[in-house]
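Written out below as structure tokens is the structure these notes cover.
The values are calculated or read from the model by the stated rules, or taken from the named source; none is laboratory data. Quick caveat, the model's predicted, so the values are computed rather than measured. Positions of Cβ are backbone-derived with ideal geometry, glycine not excepted, and every protein chain shown enters the neighbour counts. Heads up: the accessible areas ignore ligands, DNA and RNA and are worked out on the full protein's heavy atoms, side chains in. Shrake-Rupley method; radii C 1.70, N 1.55, O 1.52, S 1.80 Å.
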Amino acid sequence: MTLATRLPLGWRLAIVASAIMAATVAAVVVGVGLVAERVLVESTADRLEIGAGLLVDRPRAGPPVTALEASDVARVLGGQETAVTIIGADGGTLATADNGADPAIAAVRLDASTYATALAAGVTVREVTRTSAGSALVVAAPIELARVGGAGPGPGHGRGGGPPFVPPGQVGRATPAPGASADVAPTQEPDGQARGQANAIAQLAVSLAPVEATVATIRMQIAAIGVVALLVGLLAIVLVTRRSLRPLDQVAAAASRLAEGDLAARTHLSGTDEIGAVGGAFDAMADRLETAIRAQRAFAADASHELRTPIAVLGGYVDLLERGDLPEADQRRLLESMRREVDRVERLASDLLLLTRIEGGGPLMEPAPMDLAEVAREIAEAGATLDPRTPIRFRADGALPVVADPGRIAQALLNLVSNASRHATAGSSVDVVARQDGPMALVDVVNHGLPMDPAELDHVFERFVSGSAGHTGLGLPIARAIAQAHRGDIGARSDGPRTTFTLRLPLAGSQPVLRERTAEPR
């Protein structure tokens with residue numbers, strides 16, 4: 001048995017839920033950190049581009065244009081701790097200004113192919129690279145450095161060695177002659193390059209250490225909030241799971257009581273959720289188990305009680321036979337009496353076993369479509385042979401189709417008819433009437449005799465209440481058990497000299513088809 005299986009179910013659920021919450025918090029920390037880092041990097045890059053754009057003139061076509069010398073461009077573009085490098089078309093460095101940035105940041109260079117692509121396509125490149133001072137953000141923008149009166153950057157081209165200063169907006173304009181138009185076509189540089197074409201790269205580099213520090217702070221704050229939320233959630237989960245699983249403790253307690261012999265143990269759980277379904281199923285199982293156990297106990301008690309007398313009688317007969325001095329005629333009478341007692345014991349055991357099997361789950365049933373009125377007619381004809389002095393009259397309103405076991409139904413009706421014949425007064429008759437009452441098929445068995453007390457009617461279906469010599473007193477309980485096994489019932493009423501026992505069964509089509517049930521061997 002592992003540690004996980006030894007823990008209570010509530011704690012296991014809490015651990016699983018906490019693991020899911022922890023994984024969610026970790027994913028949020030990582031995701032928010034990545035998003036924050038990206039936003040901050042993009043914001044820094046936008047700031048660098050905006051700073052560069054403040055000093056350039058953007059014509060309708062072509063790259064940004066500045067009339068400052070390369071060294072002045074490097075100095076002016078750079079903000080605090082922003083290293084600026086002006087790189088020529090040949091990849092050489094024209095000017096550099098670290099502006100307080102780490103030397104490693106100022107020394108950052110991208111691949112030559114990256115610069116060439118940016119110049120050729122006229123696009124700004126953003127790239128994050130690693131340096132000895134940490135991560136750095138590099139923004140490389142193509143620019144056009146104006147050349148006025150010279151072939152290119154170099155000594156004699158301006159105060160700082162770069163192209164001389166031309167006011168922004170005048171780049172590409174020639175000095176007009178007196179009286180001439182001020183708008184002239186772009187001039188050609190001495191080196192053959194036309195104005196409006198990028199001839200340099202303005203690279204701005206800044207350390208991302210502040211960004212990384214901010215992202216780390218955000219992650220730590222989110223993690224701290226997540227830990228607090230995790231602890232609060234764990235406590236809430238434990239409380240909720242313990243409360244939700246409390247009904248299962250009721251099921252376990254009821255099962256323990258039932259195992260100890262308390263047949264009245266029930267969960268009394270209700271509801272449409274899974275726990276309510278478990279409680280309902282347990283209570284239904286306990287009901288069936290209680291019925292079966294009580295039936296077995298009743299069988300043992302009834303059998304021991306009813307068998308005591310015939311066994312004692314048989315013992316007395318055996319003692320008489322052992323004397324050996326009885327005449328042969330007396331011995332024959334004793335043997336006949338012993339046979340009757342043995343038959344009585346056999347009938348008693350058979351009836352008790354049948355009744356117990358029905359009440360404990362039902363004997364072998366063979367349901368089939370049948371006409372209850374026709375079976376009642378056959379039983380009335382057979383019952384007439386029980387006592388020729390008591391005629392049996394049959395009447396039916398018509399066919400009564402039902403789905404039931406014909407043999408068991410015939411047995412129940414025969415028990416009712418034989419009981420009515422025994423209790424009918426001399427000269428009276430027994431009436432068997434088959435009729436329909438709504439969705440039910442009814443068979444009334446009426447005897448004319450002494451009226452029965454209502455209190456007595458409540459007990460006629462109990463075992464051995466009507467027992468007499470030659471009868472086990474189990475006929476009516478067996479008949480009712482058979483009817484109930486077919487989703488019907490048997491009732492009794494007495495009005496004056498008439499006592500009526502009524503068998504009720506659902507008509508075919510008014511109930512689900514009776515399923516076969518096989519009782520376990522006993």
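At-a-glance table
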| quantity | calculated |
| --- | --- |
| The range 78-97, subset in a loop (DSSP other than H, G, I, E, B) and under 12 Å from Gln203 (Cβ atoms), residue farthest from the chain's Cα centre (by Cα) | Gly91 |
| Among residues of the range 481-498, those that are of a type in the set (Gly, Ala, Ser) and touching a Gly at 6+ places or on another chain (Cβ under 7 Å), counted | 1 |
| Residue under evaluation Ala434, criteria (1) open to solvent by less than 10 Å² (accessible area, probe 1.4 Å); (2) farther than 21 Å from Ile358 by Cα; (3) not in a strand (DSSP E or B), criterion not met | (3) |
| Subset of the range 305-356 (residues that are of a type in the set (Ser, Thr, Tyr), farther than 15 Å from Leu474 by Cα and loosely packed, with under 14 Cβ neighbours inside 10 Å) | Thr309 |
| Residue that is most open to solvent (accessible area, probe 1.4 Å), among those in the range 382-406 that are assigned to a loop (DSSP other than H, G, I, E, B) and in contact with a Pro (Cβ under 9 Å, 6 or more places away or on another chain) | Ala384 |
| Residues of the range 84-110 that turn out to be among the polar types (S, T, N, Q) and in contact (Cβ under 8 Å) with a residue 40 or more places away in the chain, as a count | 1 |
| Cross-chain or 6+ apart pairs with Cβ under 8 Å, the range 306-332 first and of a type in the set (D, E, K, R), then open to solvent by less than 50 Å² (accessible area, probe 1.4 Å) and part of a helix (DSSP H, G or I) | Glu306/Leu348; Glu306/Leu352 |
| Selection within the range 341-372 - in contact with a Phe, Trp or Tyr (Cβ under 7 Å, 6 or more places away or on another chain) and either at pLDDT 80 or above or among the aliphatic types (A, V, I, L, M) (or both) | Leu352 |
| When residues of the range 437-467 are limited to those that are of a type in the set (A, V, I, L, M, F, W, C) and without any contact (Cβ under 8 Å) to a residue 24 or more places away in the chain, the one surrounded by the most Cβ atoms within 10 Å (Cβ to Cβ) | Val465 |
| Output for the range 249-266, where each listed residue is outside any loop (DSSP other than H, G, I, E, B), among the small types (Gly, Ala, Ser) and free of Cβ contacts under 8 Å to residues at least 24 places away in the same chain | Ala252, Ala253, Ser256, Ala259 |
| Residue that is most open to solvent (accessible area, probe 1.4 Å), among those in the range 265-287 that are more than 13 Å from Pro247 (Cα to Cα) and aliphatic (A, V, I, L, M) | Met285 |
| Single residue of the range 101-148 satisfying the filter (open to solvent by 60 Å² or more (accessible area, probe 1.4 Å) and assigned to a loop (DSSP other than H, G, I, E, B)) that is farthest from Val41 (Cα to Cα) | Val148 |
| Qualifying positions in the range 10-23 - within 16 Å of Val227 (Cα to Cα) and open to solvent by less than 80 Å² (accessible area, probe 1.4 Å) | Ala14, Ala17, Ser18, Ala19, Met21, Ala22, Ala23 |
| Residue in the range 203-221 that is part of a loop (DSSP other than H, G, I, E, B), modelled with pLDDT of 85 or more and surrounded by 13 or more Cβ atoms within 10 Å (Cβ to Cβ) present | yes |
| Residues of the range 408-431 that turn out to be farther than 14 Å from Phe501 by Cβ, open to solvent by less than 50 Å² (accessible area, probe 1.4 Å), under 58 Å from the mean Cα position of the chain (by Cα) and of a type outside the set (A, V, I, L, M), as a count | 0 |
| Residue within the range 385-400 that is of a type in the set (Ser, Thr, Tyr), closer than 29 Å to Ser428 by Cβ and in contact (Cβ under 8 Å) with a residue 12 or more places away in the chain present | yes |
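Results for (1) among the polar types (S, T, N, Q); (2) modelled with pLDDT of 65 or more; (3) closer than 22 Å to Gly383 by Cα, shown as yes or no for each residue.
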{"position": "Ala455", "(1), (2), (3)": "no, yes, no"}
{"position": "Asp458", "(1), (2), (3)": "no, yes, no"}
{"position": "Phe501", "(1), (2), (3)": "no, yes, yes"}
{"position": "Leu505", "(1), (2), (3)": "no, yes, yes"}
{"position": "Ala519", "(1), (2), (3)": "no, no, no"}
